[in-house]
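Readers should treat all values here as calculations from the given coordinates under stated rules, not as data from a laboratory. Note that the coordinates shown come from a computational prediction; the quantities given were computed from them, not determined experimentally. Cβ: placed from backbone, ideal geometry, glycine included. Neighbour counts: every protein chain shown.
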Amino acid sequence: MSALLTVEDLRVRFPTRTGVIEAVRGVSFTLGRERLGIVGESGSGKSQTGRAIMGLTPPHAEVSARTLAFGGIDLLSASPKVRRDLRGKRIAMILQDPKYSLNPVMSIGRQIVETLKQHEKVGRAEARERALDMLAAVQIRDPARVFDLYPHEVSGGMGQRAMIAMMLIAGPELLIADEPTSALDVTVQLEVLSILDKLVAERGMGLIFISHDLRLVSSFCDRVLVMYAGKIVEEIAASDLMNAKHPYTRGLMNCMPVIGADRHPLPVLDRKPEWAL
Ligand SMILES: Nc1ncnc2c1ncn2[C@@H]1O[C@H](COP(=O)(O)OP(=O)(O)OP(=O)(O)O)[C@@H](O)[C@H]1O
Ligand SMILES: [Mg+2]
């Protein structure tokens, strides 16, 4: 299988007055048309890894890699125009909070139409038709009504689905979903995930699913990268998680509450300075 994405020794640094913050410290992995999870605690570098691939790192950050290639395109030497064209068209990213991604003063339908028009030459009627189809694909029951609503007029779950629709309208080959459901309650979370799962399977996309929730990631992905302090400490097939070797991964697993098991107190996650070396 030829890789969709190749990441070798990715580093993201933020120079600050008091020193350099190394957010990502040598991350390497390849991705095909599969579902890859990235887990790790807050600040471990998950989002910055996703943003570096997407080309959405803050301007003052320094990004370097031995290889950062998408479908044969060297992302680090690509021109800003090439990267802009890739974003949204071939690589899309769902951010944690739809409020930051949906424009509050534009109706949901128009935002989806505008996104499509940025990437394809389509007529008005066709664009509207495809936006409505996409809204239906993310299981919005009354697409024609929702098309005309503004983001503040819909629930969090529907806003998140509208965002997924917007991200998928141009048919990306790679989708990076950064905590796509953590702002939602559990039942809506599962709904949104099953929609994502179906779309990924139907369209044969590659998916990078970022979450701090190891249980969620392992039930949803084929393979899991565990990050700690800017590095991958373990890469493991989701089905093989029970045999995780790294003490941090094992710690994450032990901290997952088990329904029916009466454990008081819940174990506290152990961290050792040498894992961050
Ligand atoms: N703009 C920035 N300037 C300086 N440091 C930053 C900036 N953005 C992120 N960082 C630092 O980079 C590190 C990694 O951040 P990142 O957002 O990738 O973590 P994360 O794993 O996504 O965490 P979370 O689970 O909280 O989303 C953190 O230590 C963070 O403080
Ligand atoms: Mg993050």
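No other residue among Arg83, Arg13 is in contact with a Ser or Thr (Cβ under 9 Å, 6 or more places away or on another chain), without any contact (Cβ under 8 Å) to a residue 60 or more places away in the chain and crowded, with 16+ Cβ neighbours inside 10 Å apart from Arg13.
Rundown of residues vs (1) polar (S, T, N, Q); (2) touching a helix residue (DSSP H, G or I) at 6+ places or on another chain (Cβ under 7 Å), yes/no style:
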{"position": "Phe14", "(1), (2)": "no, no"}
{"position": "Leu31", "(1), (2)": "no, no"}
{"position": "Ser44", "(1), (2)": "yes, no"}
{"position": "Met54", "(1), (2)": "no, no"}
{"position": "Ser64", "(1), (2)": "yes, no"}
{"position": "Arg84", "(1), (2)": "no, no"}
{"position": "Leu95", "(1), (2)": "no, yes"}
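The condition (being under 27 Å from Ile38 (Cα atoms), surrounded by fewer than 21 Cβ atoms within 10 Å (Cβ to Cβ) and touching a residue at least 12 places away in the same chain (Cβ under 8 Å)) is satisfied by just one residue among Ala162, Ala137: Ala137.
Taking the criterion of being more than 15 Å from Thr6 (Cα to Cα) and either crowded, with 22+ Cβ neighbours inside 10 Å or among the small types (Gly, Ala, Ser) (or both), the residues of the range 39-53 that qualify are Val39, Gly40, Ser42, Gly43, Ser44, Gly45, Lys46, Ser47, Gln48. Number of residues in the range 21-65 that are part of a strand (DSSP E or B) and either within 14 Å of ligand 2 (Cβ to nearest atom) or closer than 14 Å to Lys231 by Cβ (or both): the value is 11.
Apart from one condition, Ser77 fits all of (1) among the polar types (S, T, N, Q); (2) away from ligand 2 (no atom under 16 Å from the Cβ); (3) in contact (Cβ under 8 Å) with a residue 24 or more places away in the chain; (4) loosely packed, with under 13 Cβ neighbours inside 10 Å; the exception is (3). Mind counting the residues in the range 107-131 that are under 19 Å from Ala92 (Cα atoms) and in a helix (DSSP H, G or I)? Looking only at that region, the number is 15. Total residues in the range 44-61 satisfying the condition of being more than 8 Å from ligand 1 (Cβ to nearest atom), in contact (Cβ under 8 Å) with a residue 12 or more places away in the chain and within 19 Å of Thr16 (Cβ to Cβ): the figure is 2.
Yes/no matrix, rows are residues, columns are (1) in contact (Cβ under 8 Å) with a residue 40 or more places away in the chain; (2) surrounded by 23 or more Cβ atoms within 10 Å (Cβ to Cβ); (3) farther than 25 Å from Glu173 by Cα:
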site: Leu216; (1), (2), (3): no, no, no
site: Val226; (1), (2), (3): yes, yes, no
site: Gly230; (1), (2), (3): yes, yes, yes
site: Ile236; (1), (2), (3): no, no, no
site: Asp240; (1), (2), (3): no, no, yes
site: Lys245; (1), (2), (3): no, no, yes
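Pairs are defined by a Cβ separation below 8 Å, a sequence spacing of at least 6 or placement on different chains, a first member in the range 173-195 that is closer than 17 Å to Arg141 by Cβ, and a second member that is away from ligand 1 (no atom under 16 Å from the Cβ) and of a type in the set (D, E, K, R); the pairs so defined are Val192/Arg161; Ile195/Arg161.
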